[in-house]
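Trainee: Mind looking over this structure? Questions follow.
The values are calculated or read from the model by the stated rules, or taken from the named source; none is laboratory data. Just so we're clear, the structure is a prediction, and the values are computed from it rather than from any experiment. Note that each Cβ is placed from the backbone with ideal geometry, even for glycine, and that neighbours are counted across all protein chains shown.
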Amino acid sequence: MENLQRKNLFYREEAIKNTKRVLIKVGTRLLTDISRIPKLMEQIYNLKKKGYQVILVSSGAVGIGMRVLNLTKRPSQLSKVQALASIGQGKLMKQYEKAAQCFGFHTGQLLLTMTGVSDRGRHLNMLNCLNSLLEMNVLPIVNENDSVSVKELTFGDNDQLAVLVSAMTRCDTTIFLTTVDGLRRIENSKLKDRIPYITELTTEIKEMAMGTDDTQNSIGGMESKLKAAEISMTTGNYLFIADGKNFNTIDKIFNIEDTGTLFIPQRKNKMPSRKSWLSFFSKVNGQVFIDDGAVKAVTERGKSLLPSGIISIKGEFKRGDTVEIISAGSRKRVAKGLINYDSSKASKLCGLNSSKIKVVLGYNGDDELIHRDNLVLG
């Protein structure tokens, strides 16, 4: 037990020591009473005063829309959810701005769609806007644009949105404020003690996931949060799941108190921004099937993908598009990458040595079909 406590303290100290930019995600049920918003803004002000850069991902627009129309159950029809988001979003931002002004700063809203950030150009524009807000000491408040998003093109829920924005903006720590005090052990279908930290998301831990949100008012739950934690750990960010019924939890986390569950990143250095975008945002436009030798070169030796390892091409794509790299033997995806040739030219290069590229295409092209710097495994 003493060893567990020492490790817990060490991991928490490391998380806060290495944090300069933090993303805070607040769940829908914590904002059903909008009178609590000033307390949240006070906590964010305290962080800003200490020199931390803060990004807020806020649910609540649909919930506020439900309150305006006196609805007790979240509708299942997409158009009605979109309408509720449209009603509630402006009212929510008005409350945030009013509370923020009391502490001497302003807020700026960013409404995202998956299609918007899947495009590399728009992705970078959004990122530049968010960074500019931080430079101007403005609190960026991010939400999915529920009033126009459709099911096939959403982030899934704001848990997924939060960790993706955290990765995209190279945050050091993400805090999920929810209605529970972290992940708890389960024995005989009963909740037991809180797990203070997690270094690996084992099958046993994933099986402990239980819904924590009332689906009549929101979407998500602990299962969703563990999926988000897996992304966070992969990209190199710390993530806390903690009780937000009292927003003082934020102070407790930064004072290294034992609260919530801390998820430890699996890598020392954060995943580069381009590779984060490639892993989680980019839209796949085609497939490249490769032989066993190329699979080993890419997955085990960290090599670029050369034309000689290509067996076949599927789909139509242009230079710079994202394609899946598929093992021709197992038919499983081994990587994704940005391709240096359009589909018609790539098809002509299948199986060729790079020295033959000029002969086939009539000009000196890239030796690599996909350079290792523009490639992510998995």
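Trainee: Kindly evaluate Gln77 against the criterion of being over 30 Å from Asn374 (Cβ atoms) and modelled with pLDDT of 90 or more.
Mentor: Here the answer is no, as Gln77 does not meet what is asked.
Trainee: What do you reckon, is Arg185 in contact (Cβ under 8 Å) with a residue 12 or more places away in the chain, assigned to a strand (DSSP E or B) and either over 23 Å from the mean Cα position of the chain (by Cα) or closer than 15 Å to Thr234 by Cβ (or both)?
Mentor: yes
Trainee: Of all residues in the range 96-115, which are out of contact with any strand residue (DSSP E or B) (no Cβ under 7 Å at 6 or more places or on another chain) and buried (at least 19 other Cβ atoms within 10 Å of the Cβ)?
Mentor: Scanning the range 96-115 gives Ala99, Met114.
Trainee: Hey, does the range 309-319 have a residue that's among the small types (Gly, Ala, Ser), at negative phi and not in a strand (DSSP E or B)?
Mentor: Taking every residue of the range 309-319 in turn, at least one turns out to be among the small types (Gly, Ala, Ser), at negative phi and not in a strand (DSSP E or B).
Trainee: Read through the list (1) in a helix (DSSP H, G or I); (2) at pLDDT 95 or above, then give the number of the only condition that Gly51 fails.
Mentor: Going through (1) in a helix (DSSP H, G or I); (2) at pLDDT 95 or above one by one, Gly51 breaks only (1).
Trainee: Further question on the same structure: Within the range 272-304, which residues are among the charged types (D, E, K, R) and either closer than 23 Å to Asp119 by Cα or part of a helix (DSSP H, G or I) (or both)?
Mentor: Selection gives Arg274, Lys275, Lys283, Asp292, Lys296.
Trainee: Then there is this: Can you pull out the residues in the range 48-77 that are under 21 Å from Met168 (Cα atoms) and among the aliphatic types (A, V, I, L, M)?
Mentor: Passing the criteria: Val54, Ile55, Leu56, Val57.
Trainee: With Ile205, Ile219 as the choices, which residue is part of a loop (DSSP other than H, G, I, E, B), out of contact with any helix residue (DSSP H, G or I) (no Cβ under 6 Å at 6 or more places or on another chain) and either of a type in the set (D, E, K, R) or at pLDDT below 90 (or both)?
Mentor: Ile219
Trainee: If Arg74 meets every condition in (1) closer than 21 Å to Arg274 by Cα; (2) charged (D, E, K, R); (3) crowded, with 17+ Cβ neighbours inside 10 Å apart from one, which number is that one?
Mentor: Result: Arg74 passes all but (1).
Trainee: Among the residues that make up the range 355-371, is at least one of them touching a strand residue (DSSP E or B) at 6+ places or on another chain (Cβ under 6 Å), surrounded by 18 or more Cβ atoms within 10 Å (Cβ to Cβ) and part of a helix (DSSP H, G or I)?
Mentor: No, the conditions are met nowhere in the range 355-371.
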